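J.: A single structure is presented below for examination.
Every read-out reported here was derived from the displayed coordinates using simple, explicitly stated rules and does not represent laboratory data. Owing to the predicted nature of the structure, the values given are computational and were not obtained by experimental measurement. Positions of Cβ are backbone-derived with ideal geometry, glycine not excepted, and every protein chain shown enters the neighbour counts.
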Amino acid sequence: MDSVPELLSFAAQVFEKHGGITERDDNHVMALLPPGLARSLDLPEEVQLGDGAVPLLYGSPVLDRLIQVATKKIPLIFGRIEVPYLKKGGFEQLIGQDIVFTNGQVRVTGRAEARTSYMVLICRYVALSDERKEGLVEVGTHEGTGAIIEDFESLWPEFRPEFYTLGKVPPHFSIHLEQTISNAMQKARVLAEEKLIDFIKSMQRRLHRDVKNTREYYEALRKEMEASLSHHNLSEAQRHERIAKIEDLPGEMARKIEDLKQKYKIQVRLRPCAALRFLVNVVQIMAGIRFRKHRRTVHLTWNPISRRLDPLVCERCYESTRSVHPREKDSRILLLCPSCAQKQ
């Protein structure tokens, strides 16, 4: 089976980037690999891919391992988005439209132009069952708060960003991204599950069909074997043997059904494969919140890419929310999402 030339070229690039020595043409790649790389790829240190040796095809285990090595350290791209316009006023109307504060008095106390950073995290999902389904999902986030920014991943190309070259990245990007990446990965799982709905339903239909056919087969077999018990040529020993087989049929059927469940069991893997990080000029809005006897100032961000206020992040579960519920805790105001507010 012929290997795909583009995949051979990709393999050679991975080998060379990780210290291997290669010789290649359109039909094969000869390589001498460092011991650690050979172990990661489950290949010998001296290997030939293609041309009658180890084939390299889409969906092959060797390609999966090459992709894992190539994407172990995800590529980062840094850029800057210059926007033609920053909103000057009218932010009072956006509170109650873009973000709703429930059971609290809120008023705008000031505005300032600022620069903040956003990330688009690109994740690859692979669903394995009797078939294979894979694809990409993208999630936009505010790096400082970890808020999920709806549609940012599809809107940013309209602004023609300027990308920084290696060594020219300014020191304005956020450093602590643990919560941001965690929130983005949670959102990516939701998006991947949505893309896999049809795939999951297909596997469930096939499982239901095969289980139904298996049950019908064993039911017909049981009836046939029970009918044969009345055959006058059967000896007593043969009759006891056939009865024992009939008694074993439910257990045998259960094992077959369990095998089918394992066959159609769906395993989903999700991992980040690239990230784009942008500096963007925004408007910071200072808003004063009054809840019962307490007061607090919160900073809101008007995002010129989405042209609306960014959502806030629940201060208990860190989920993004546009419905904010102030609650009192330890003589201060805590900002919660609807779900956490109900648990109070």
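J.: Please list, by residue number, every one of the chymotrypsin sites (Phe, Trp or Tyr not before Pro) in segment 1-73 that is coil in DSSP and has at most 14 other beta-carbon atoms within 10 Å.
T.: Those that pass, being in a loop and sparsely packed, are Tyr58.
J.: For segment 198-265, what is the number of Lys pairs with C-alpha distance below 27 angstrom, counting only pairs 8 or more positions apart or on separate chains?
T.: Total qualifying Lys-Lys pairs in segment 198-265 comes to 18.
J.: Give the angle, between 0 and 90 degrees and rounded to the nearest 10, that separates the Cα long axis of helix 61-70 from the longest principal axis of the Cα atoms of the chain.
T.: Helix 61-70 sits roughly 20 degrees off the main axis of the chain.
J.: Let me ask another. To the nearest 0.05, how large is the calculated FRET efficiency for Tyr164 and Leu128 if R₀ is 35 Å and r is the Cβ-Cβ distance?
T.: 0.40
J.: Can you classify segment 121-207 as rounded, prolate or oblate using the Cα gyration tensor, where a ≥ b ≥ c are the square roots of its eigenvalues, rounded means a/c under 1.5, and otherwise it's prolate if a/b beats b/c and oblate if not?
T.: Prolate, since a/c reaches 1.5 and a/b exceeds b/c.
J.: Another question, then. Could you calculate, for the chain, the ratio of the Cα radius of gyration to the Kirkwood radius, expressed as Rg to Rh?
T.: 1.17
J.: Sticking with this one: Angle check, please: helix 5-17 long axis (alpha carbons) against the longest principal axis of the chain (alpha carbons), in degrees 0 to 90, nearest 10.
T.: Value to nearest ten degrees: 60.
J.: In debye to the nearest 20, how big a dipole does the chain give about its Cα centre with +1 on each Lys and Arg Cβ and -1 on each Asp and Glu Cβ?
T.: 2260
J.: What percentages make up the Cα-Cα pair-distance distribution of segment 5-70 when the bins are 10 Å wide from 0?
T.: 24, 65, 11
J.: Could you work out the Kirkwood radius for segment 247-308, taking every pair of different alpha carbons, averaging 1/r and inverting it, reported in Å?
T.: 18.5
J.: OK, next. For segment 198-265, what mean projected area does the convex hull of the alpha carbons give, in nm²?
T.: For segment 198-265, the mean projected area of the Cα convex hull comes to 4.6 nm².
J.: How tilted is helix 178-195 with respect to the longest principal axis of the chain? Cα atoms for both, answer in degrees (0 to 90, nearest 10).
T.: 50
J.: Further question on the same structure: Determine the gain in length on full extension of the stretch Met286-Ala274; use 0.36 nm per residue of separation and subtract their C-alpha separation, reporting nm with one decimal.
T.: Values: separation 12, 0.36 × 12 = 4.32 nm, distance 3.36 nm.
Stretched fully, the Met286-Ala274 segment lengthens by 1.0 nm.
J.: Also, quick follow-up: So for Thr22, Thr141, Thr71, Thr321, fewest C-beta neighbours within 10 Å to most, what's the order?
T.: So the residues, fewest neighbours to most, are Thr71, Thr22, Thr321, Thr141.
J.: Still on this structure, please answer the following. Any idea how far the Cα center of segment 61-76 sits from the one of segment 252-270, in Å?
T.: Between the Cα centre of segment 61-76 and that of segment 252-270, the gap is 28 Å.
J.: Could I ask something else about it? Distance from the Cα centre of segment 282-318 to that of segment 173-244, in angstrom?
T.: About 49 Å separates the Cα centre of segment 282-318 from the one of segment 173-244.
J.: Assuming 0.890 mPa s and 25 °C, estimate D for segment 172-294 with Stokes-Einstein, Rh taken as the Kirkwood radius over Cα pairs, in µm²/s.
T.: Diffusion coefficient, whole number: 115 µm²/s.
J.: Then there is this: Which of Asp248, Asp98 comes first, and how do the rest follow, when ranked by fewest Cβ neighbours within 10 Å? Could you put the intermediate results ahead of the total?
T.: Numbers: Asp248 10, Asp98 18.
In order of increasing Cβ crowding within 10 Å: Asp248, Asp98.
J.: Also, quick follow-up: List the lysines whose Cα lies under 25 Å from the Cα of Lys17, skipping any in the same chain that are fewer than 8 positions away.
T.: Those lysines meeting the cut-off are Lys72, Lys73, Lys168.
J.: Can you sort Arg290, Arg124 from fewest to most other Cβ atoms within 10 Å of each residue's own Cβ? Mind showing how you got there, number by number?
T.: Numbers: Arg290 14, Arg124 18.
The most exposed by this proxy come first: Arg290, Arg124.
J.: Label segment 278-344 by shape, choosing from rounded, prolate and oblate, from the square roots a ≥ b ≥ c of the eigenvalues of the Cα gyration tensor; if a/c is under 1.5 it is rounded, and otherwise prolate applies when a/b is larger than b/c, oblate when it is not.
T.: oblate
J.: Here is a further query. What distance in nm separates the two pseudo spin-label positions at Gln13 and Gln186, each 7 Å out from Cα along the beta-carbon direction?
T.: If labels sit at Gln13 and Gln186, their model points lie 3.5 nm apart.
J.: Count charges around Phe159 for me, please; just the other residues with Cβ under 14 Å from its Cβ, Lys/Arg as +1, Asp/Glu as -1.
T.: Local charge sum for Phe159: -2.
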